1. Limited to the stretch 111-144, what total is found for residues that are out of contact with any helix residue (DSSP H, G or I) (no Cβ under 6 Å at 6 or more places or on another chain), touching a residue at least 24 places away in the same chain (Cβ under 8 Å) and within 15 Å of the ligand (Cβ to nearest atom)?
2. Restricting attention to the stretch 1-27, and to residues there that are more than 8 Å from the ligand (Cβ to nearest atom) and open to solvent by 30 Å² or more (accessible area, probe 1.4 Å), which single residue is farthest from residue 82 (Cα to Cα)?
3. Only one of 183, 151, 199 is of a type in the set (Ser, Thr, Tyr) and over 20 Å from residue 85 (Cα atoms). Can you tell me which?
4. Run residue 218 past the list (1) of a type outside the set (A, V, I, L, M, F, W, C); (2) open to solvent by 20 Å² or more (accessible area, probe 1.4 Å); (3) in a helix (DSSP H, G or I); (4) within 24 Å of residue 78 (Cβ to Cβ) and report the number of the one that doesn't hold.
5. Among the small types (Gly, Ala, Ser) and touching a strand residue (DSSP E or B) at 6+ places or on another chain (Cβ under 9 Å): does that describe residue 128?
6. If you check residue 195 against the conditions, is it charged (D, E, K, R) and open to solvent by less than 30 Å² (accessible area, probe 1.4 Å)?
7. Any residue in the stretch 169-187 that is open to solvent by 10 Å² or more (accessible area, probe 1.4 Å) sitting within a Cβ distance under 6 Å of a residue that is within 15 Å of the ligand (Cβ to nearest atom) and at pLDDT below 95? List the pairs, counting only those 6 or more apart or interchain.
8. Output the number of residues of the stretch 223-248 satisfying the condition of being open to solvent by 30 Å² or more (accessible area, probe 1.4 Å) and either at positive phi or not in a strand (DSSP E or B) (or both).
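The values are calculated or read from the model by the stated rules, or taken from the named source; none is laboratory data. These numbers come from a predicted model, not from an experiment. Every residue, glycine among them, receives a Cβ derived from its backbone with ideal geometry; neighbour counts consider all protein chains shown. Note: areas computed on protein heavy atoms with side chains; ligands, DNA, RNA excluded. Shrake-Rupley method; radii C 1.70, N 1.55, O 1.52, S 1.80 Å.
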Amino acid sequence: MQDQRVIIVTGGSSGIGRAAALRFAAQGDKVLITGRRPEPIHAAAAEHANIVGLVADVSSPTDAARTVAEAIDRWGRVDALINNAGAGAILPLAEATVERITDIFSVNVIGPSLLASAALPHLEKTRGAIVNVSSTFGHKPGVALSHYAASKAALEHLTRCWALELAPVGIRVNAVAAGPTESGALTGMMGLSLEQAASLKEQERAQIPLGRRGIPDDIASWIVHLVDPEAGWMTGQVIAIDGGLGLS
Ligand SMILES: NC(=O)c1ccc[n+]([C@@H]2O[C@H](COP(=O)([O-])OP(=O)(O)OC[C@H]3O[C@@H](n4cnc5c(N)ncnc54)[C@H](OP(=O)(O)O)[C@@H]3O)[C@@H](O)[C@H]2O)c1
């Protein structure tokens, strides 16, 4: 029988991260989820006995080592790191400030890098996997999205560089690039009002060739598959799961 695997999912209390955590847990993996707010973390952890929550902020440099240490202290191994937590903003260039740009890059680029670095010795032991969660806008330009888009473009290129660097030690690194997906993101990290979010959702739906926005499970199923041994010969790839938006 295969040993029980241990998966870290950042931003596991909502949306795509929560759906991925539930899928890993349902197939028997132990899952450590992180998030900044305790209540949603506790609520998500209560949904399955295999899920444990940790209040941790991806933008805090000390939380990367603390997150990996929590998984090791509990279960002694790490098989996969899912860099899912993200930050973004509708941010026209004229309104860009050092604080707003730094807020985005510290969650989308620096945090995933520090987490991957901290997890490295453990992933090497398990010949594990890293999955980074990018966006259609990691490779498609968007108005007033330049810093979010550039941070996801950086994450996509980190994916390819890490894949090459870590292949000799058996660690695979891939990314999913999600299209517009039902979650807390528009009113949460993008800071839109309910009315603004509803109008943007309708615009997005109209632009998506397959005619609908995604649901978290559309993305989560690919995250889980990329960790699976069946994807064992795949590394350095960015899979677009976006209803065809990236083609339009
Ligand atoms: N939904 C979309 O349309 C879409 C499209 C493309 C890409 N994505 C990407 O998908 C990922 C997940 O987004 P989602 O749509 O599922 O969003 P969501 O429903 O808002 O969930 C975000 C999760 O991340 C956590 N989080 C946010 N900032 C964090 C931080 N600094 N440290 C730790 N946890 C943090 C949130 O909890 P707390 O707020 O309590 O910290 C929450 O658990 C992001 O990387 C996003 O860029 C989403």
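1. 6
2. 1
3. On the way: 183 fails: over 20 Å from residue 85 (Cα atoms); 151 fails: over 20 Å from residue 85 (Cα atoms).
Every option except 199 fails the conditions.
4. Exception for residue 218: condition (4).
5. Details: among the small types (Gly, Ala, Ser): yes; touching a strand residue (DSSP E or B) at 6+ places or on another chain (Cβ under 9 Å): yes.
Taking the combined requirement at face value, the residue satisfies it.
6. Working: charged (D, E, K, R): yes; open to solvent by less than 30 Å² (accessible area, probe 1.4 Å): no.
When the stated conditions are applied, residue 195 does not pass them.
7. 180/204; 186/192; 186/197; 187/197
8. Number satisfying all stated conditions: 12.
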